Structure formats: C-alpha cells, structure tokens
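Student: My questions will all concern the structure given below.
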Amino acid sequence: MVRPAHRTRRLGRAPGRLAIIALLVLAAVGVKATLAPRPTRITSPAPVVADGRDITAQGFAQAFARAYLSWDARHPEQHQRQVTPFLSGSLDGDGGLQIPPHGRQQVLWSTAIQDQADARGEHVITVAAQTTSQLLYLAVPVQRTGRGFLVVPQYPSLVGPPVSDPGVAPAEEPDVSDDGLRAVAQRAVTNYLAGERTNLLADLDPGAVVSLPTAVLDVRSVRGITRAAADRVAVEVSAADSTGTQWTLRYELTVVHRDRWYVRAIETAPVATGRRP
C-alpha cells in the first residue's frame, strides 16, 4: 500500500522526535539524581589516581623471594633453576643461598611491606615471607633497566620487621551529641556489616561509593560514636559472624548534612585514590 507523502514524512521524523524526548527525560533524571536526598543507585567511581609505587617491581621482588626461600635438599639443582632468571649474571646462580644437605622449605605466603629507593635510585623492596619453618623479612634490591627490564642486581638481605610502638595511645575524640547523626551512623554501620544493601542506600549520599564486606556480621552492641574530624565520625561496634566469632571493629564514616545527615564513605574508599574522601 502506498502512503501519502505527508504521512511518510511524519513517520520519518518520529524516530528523531523520540530520541530528543528520550534525551530530555534522561537529562531530567540526571538532575533529579544529583539533587535528590536519597540515591536510587551507587554512582560510578571516580578515576583512580596512581600513588607512584611500582606494583610490577613489588611483584617481581615477591616472586624472587618465594623462589629464593623455597628449596628441597633432594633436588638442589631445582633451587638454582628457579632463582637464576631473577639475578644479574654477575651474581652466583643460587643467589648466594647454599641449601643444607637435608630437609625442605616452602613459602606459605608473602607480601611486600616496604618499597624505598636507595642512594643509586634502585628500589629496595622488603618482602615478608612465612615459610614452613619461620617468618622471614627479605630486602630485595630491584633495578629497572633502560629498556624497562627488571633484575636483582645485588644479593638480598635478611632484615627485621617494621618497628612498632605499643605505648602510643589513640587520640581522644569527643562523643557525638547530635542524636540524628548518631542514629544515621549506627544504622549505616549495622546495615553495612549485615550486607543490607537496600537499607544502606537510604542513608548514603548520592555521590557515595561503597563496597560491602564479603563477610556478613551481626552488630551486637555499639561501644561508642565519636567525632573523628569535622566531617567524619567514628563508630566502634561489637559484632559476631555466623561461627560465633566476636569482633570489635571501628569504622570512620565521612558524613554530610543536607535535609538530614547522610554518609559519603565508610572507612575506606573502594576507588583507591590514596586518601579518604
């Protein structure tokens, strides 16, 4: 059937009109979400800001430490094969570690705990490694060549753990006297630990980005709600998991007051900007 020309033109313009209407609706929804006191969803995270650490070099140091500290006296040649690829050719192929005639050792876990530059600009990365016999701290020198390759240019060092000071007392914080703020902070932490996403969203600011814990806990009591900073409150709770394990936990909440109090962040920022929001 042949349609009249004016009807064909109207139908041809319809998709364009629909697209314009859809854009206007989306724009209105966007403005409403920005101004609304209660978000209907968690907004997209902000871009991640790098903090300057070389995560590749840290991984390289950990891989070396695991190879270096794992050995089996029944197969001494295997230790050298697994260590040599990391080392400068000017060093001994076994990294200077001569394994004993009997026994074996494996690394159960490892983590890089310090990354600092020495006088030559090379990185010295300290790796904590729990072996089947003891916990060791290995300082691994790592150099990046002009072509971007990584190498262990010197023998590693066995060092001590990070220095702690048990005598340091926490800073005193005043109690929060605002009943509305106390209620929001307690409710937010309770829903956060319980994994109650929908209930938690009701107390989140539209710009909040929150990642729920993988473990679900039931808050048994609130030990204190204090003012940690001008825009942050600290909530200390006693909670229990499904096994009956009891936890004493502290959370700092970044808060903002609009028509009432809302939570902008809970403890850490999952977008990993290197600072609290």
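Student: Can you give me the number of residues within the range 157-204 that are closer than 21 Å to Leu249 by Cα, of a type in the set (A, V, I, L, M) and either open to solvent by 40 Å² or more (accessible area, probe 1.4 Å) or free of Cβ contacts under 8 Å to residues at least 60 places away in the same chain (or both)?
Tutor: 8
Student: Taking the range 228-245, which residues are free of Cβ contacts under 8 Å to residues at least 24 places away in the same chain and in contact with a strand residue (DSSP E or B) (Cβ under 9 Å, 6 or more places away or on another chain)?
Tutor: Ala229, Glu236, Ser238, Ala240, listed by residue number.
Student: Out of (1) without any contact (Cβ under 8 Å) to a residue 40 or more places away in the chain; (2) closer than 30 Å to Leu97 by Cα; (3) not aromatic (Phe, Trp, Tyr), the odd one out for Val222 is which?
Tutor: Val222 satisfies all of (1) without any contact (Cβ under 8 Å) to a residue 40 or more places away in the chain; (2) closer than 30 Å to Leu97 by Cα; (3) not aromatic (Phe, Trp, Tyr) except (2).
Student: Mind listing whichever residues of the range 205-217 are out of contact with any Pro (no Cβ under 6 Å at 6 or more places or on another chain), in contact (Cβ under 8 Å) with a residue 60 or more places away in the chain and aliphatic (A, V, I, L, M)?
Tutor: Answer for the range 205-217, where residues must be out of contact with any Pro (no Cβ under 6 Å at 6 or more places or on another chain), in contact (Cβ under 8 Å) with a residue 60 or more places away in the chain and aliphatic (A, V, I, L, M): Ala208, Val210.
Student: Filter the range 93-120 for residues that are over 19 Å from Gln134 (Cβ atoms), of a type in the set (D, E, K, R) and free of Cβ contacts under 8 Å to residues at least 60 places away in the same chain and give the result.
Tutor: Asp94, Asp118, Arg120
Student: How many residues, within the range 94-104, are farther than 16 Å from Leu158 by Cβ and surrounded by 14 or more Cβ atoms within 10 Å (Cβ to Cβ)?
Tutor: Matching residues across the range 94-104 total 1.
Student: Which members of the range 236-269 meet the condition of being of a type in the set (Asp, Glu) and either at pLDDT below 95 or closer than 11 Å to Asp218 by Cα (or both)?
Tutor: Hits for the range 236-269 are Asp241, Glu267.
Student: If we keep just the residues of the range 105-132 that are outside any strand (DSSP E or B) and modelled with pLDDT under 95, which is most open to solvent (accessible area, probe 1.4 Å)?
Tutor: Arg120
Student: Is it the case that some residue within the range 218-235 is closer than 15 Å to Leu193 by Cβ, open to solvent by 30 Å² or more (accessible area, probe 1.4 Å) and among the polar types (S, T, N, Q)?
Tutor: yes
Student: State all residues of the range 242-267 that are open to solvent by less than 40 Å² (accessible area, probe 1.4 Å) and more than 15 Å from Ala215 (Cβ to Cβ); if no residue qualifies, say none.
Tutor: The answer is Glu252, Leu253, Thr254, Val255, Val256, Tyr262, Val263, Ala265.
Student: So, of the residues in the range 71-92 that are under 36 Å from the mean Cα position of the chain (by Cα) and touching a residue at least 60 places away in the same chain (Cβ under 8 Å), which turns out to be farthest from Val127 (Cα to Cα)?
Tutor: Going through the qualifying residues, I end up with Ser88.
Student: Does at least one position in the range 149-156 carry a residue that is among the aromatic types (Phe, Trp, Tyr), over 30 Å from Tyr262 (Cβ atoms), open to solvent by less than 50 Å² (accessible area, probe 1.4 Å) and free of Cβ contacts under 8 Å to residues at least 40 places away in the same chain?
Tutor: No: zero hits.
The values are calculated or read from the model by the stated rules, or taken from the named source; none is laboratory data. Only a predicted model underlies this, so the values are computations on that prediction, with no experimental measurement involved. Because the Cβ atoms are built from the backbone with ideal geometry, glycine has one as well, and the counts that use them run over all protein chains shown. Ligands, DNA and RNA are excluded from the accessible area calculation, which covers all protein heavy atoms including side chains. Shrake-Rupley method; radii C 1.70, N 1.55, O 1.52, S 1.80 Å.
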